[in-house]
Amino acid sequence: MVKRFGEFAAVDDVTFDVPTGSFFSILGPSGCGKTTLLRMIAGFDEPTSGTIEIRGQNMLGVPPNKRPVNLVFQHLALFPMMDVAENIAFGLKRRGIAASEARKRVDTMLERVGLPGYGEKRIEQLSGGQKQRVAIARCLVLEPSVLLLDEPLGALDLKLREQMKVELKKLQAKVGTTFIYITHDQSEALVMSDRVAVMNKGRFEQVGTPQELYGAPSTPFVAKFVGENNTWKAAVTKSDSGGVELKTDEGYSFIAKANADCREGSRMDLFLRPEAMRIEPRDRAGLNVFDVTVKSILFDGANSRLLTTTREDHELLVTLPQNRRFDHIVPGDEISVGWHPDSGICFEAEE
Ligand SMILES: Nc1ncnc2c1ncn2[C@@H]1O[C@H](COP(=O)(O)OP(=O)(O)OP(=O)(O)O)[C@@H](O)[C@H]1O
Ligand SMILES: [Mg+2]
């Protein structure tokens, strides 16, 4: 589908399928068109061209309240004068469901979102994460085929976001509702989703499982946006079926896995994940090995890394593995690092 505002295509020829009952995320930077896309699915905007089907039903021209979808907004809008149960029952009441039946459904839903017995609490008595769960419960109680979530964790602090990520994933698995989740946070998308679409400037760059996006990005944008990277600029000096020889602008010769972009003489961007870099490899055979200087140790528990530089002052992040101890490494040390040709990701350089 396409959505234009005047000449500008906010959503530019995007096509995708979401399997029933799966968790699908749309990941992209601010302004790439995520909310615009969601608003079309919800029915608040009509596409300039294209179609939207939910469970085989064409949605074009169907008003938002007649679509089997519900939208959880980034800035949630709970009613502060109503208690938790009244908030969740709001939509049921509007559908004319009897109070006793509504009460039952609300209680079931409170159980599901992990807030049993919270019905009589006032909204201001809840934490940010609890409010978010009430907002989700209020949508889920209407039993939509699809729940749309527009950066629902954006307003929460980091610790709570980490916690809610896991809870949302568990909740989705339990209720089995199809979730379409929008975020600009790659970690949220990777942790929760069955499949992720990476969006850039109104287009989908790649749709795949979190593992595919991380391990085999199909465009430089995806490689840069999903996960951390070390980058090099290089030229292809030799290319055959066995692999390619790259010469970086600083003069390093590396061997990398060949791909269609690698023709002799072409300019390449080479991406290396921090965990692809092995520290002081014992067996150097087949690895690209060189020396770096440790600038600082970025301690972050299991995700600790070294910030290092080459002699040419090229910065490289190197993951500190958990299965070996590297307590002896201190800033100022010179260490060798190596990476396997298969772990380098190459694309023809962007001009
Ligand atoms: N009603 C509108 N009229 C004109 N331009 C619009 C309108 N709505 C959105 N846009 C433009 O379309 C582009 C995509 O906007 P959108 O809100 O979909 O981005 P987003 O990916 O949700 O960003 P964010 O992560 O910041 O929420 C932006 O450049 C925006 O300025
Ligand atoms: Mg948005």
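The average projected area of the chain, computed from the convex hull of its Cα atoms over all directions, is 22.0 nm². Note on Glu205: accessible area approximately 60 square angstrom, rounded to 10, probe 1.4 Å, nucleic acids and ligands left out. Atom-type composition of the exposed protein surface of the stretch 217-280 places 49 percent of the accessible area on carbon and sulfur (1.4 angstrom probe). Stretching Arg311 away from Ala349 to a fully extended chain increases their span by 11.3 nm, per 0.36 nm per residue minus the current alpha-carbon distance. Each peptide in 79-87, 25-33, 131-139 receives the mean, over its residues, of other Cβ atoms within 10 Å, and ordering these scores from highest gives 131-139, 25-33, 79-87. Using a simple spin-label model with pseudo-atoms 7 Å out from Cα toward Cβ, Lys247 and Ser304 lie 4.0 nm apart.
Quick one: net charge of Glu228's neighbours, Cβ under 10 Å, K/R +1, D/E -1? Neighbour charge sum, excluding Glu228 itself: +2.
Straight-line reach only, C-alpha to C-alpha below 16 angstrom: list the lysines that Lys165 could link to, leaving out same-chain residues fewer than 8 apart. Those lysines meeting the cut-off are Lys131, Lys174.
Rolling a 1.4 angstrom probe over the stretch 62-214 with all protein chains present gives an accessible area of which 51% lies on carbon and sulfur atoms. So what's the gap between the Cα centers of the stretch 207-239 and the stretch 243-265, to the nearest angstrom? Rounded to whole Å, the Cα centres lie 15 Å apart.
Positive end of the dipole of the chain (Cβ unit charges, origin at the Cα centre): among Ala349, Ser49, Gln186, the Cα lying farthest that way belongs to Ser49.
In degrees, nearest 10, range 0 to 90: what is the angle between the Cα axis of helix 158-175 and the longest Cα principal axis of the chain? For helix 158-175, the angle is close to 60 degrees. For the chain, the longest principal axis of the Cα atoms and the long axis of helix 84-94 meet at an angle of about 70 degrees.
Calculated FRET efficiency, His340 to Val191, Cβ-Cβ distance, R0 = 25 Å: about 0.40 to the nearest 0.05. A Förster radius of 30 Å combined with the Cβ-Cβ distance from Lys201 to Ala155 puts the calculated FRET efficiency at roughly 0.70. Note on the stretch 43-144: along the principal axes its Cα atoms extend 46, 29, 22 Å, ordered by decreasing extent.
Each Lys or Arg adds one and each Asp or Glu subtracts one; over the other residues with Cβ under 12 Å from the Cβ of Ile182, this totals -2. Bridges between two residues of the stretch 147-283, per DSSP, are antiparallel at a rate of about 85%. Length available on full extension from Lys224 to Ala99: 0.36 nm per residue minus the Cα-Cα distance, which gives 39.8 nm.
Here the stretch 228-348 is treated with +1 on each Lys and Arg Cβ and -1 on each Asp and Glu Cβ, and its dipole about the Cα centre works out to around 240 debye.
Ellipticity at 222 nm from helices only: DSSP H runs of n ≥ 4 in the chain, each -39500 (n - 2.57), divided by the residue count, give -7000 deg cm²/dmol. The residue list Val84, Thr35, Ile136 was ranked by how far each Cα lies along the charge dipole of the chain toward its positive end, using unit charges on Cβ atoms, and Val84 comes out on top.
The values are calculated or read from the model by the stated rules, or taken from the named source; none is laboratory data. These figures come from a predicted structure and were not determined experimentally. Counting neighbours? That spans all protein chains shown, and the Cβs are built from the backbone with ideal geometry, glycine included. Heavy atoms of the whole protein, side chains included, go into the accessibility calculation; ligands, DNA and RNA do not. Shrake-Rupley method; radii C 1.70, N 1.55, O 1.52, S 1.80 Å.
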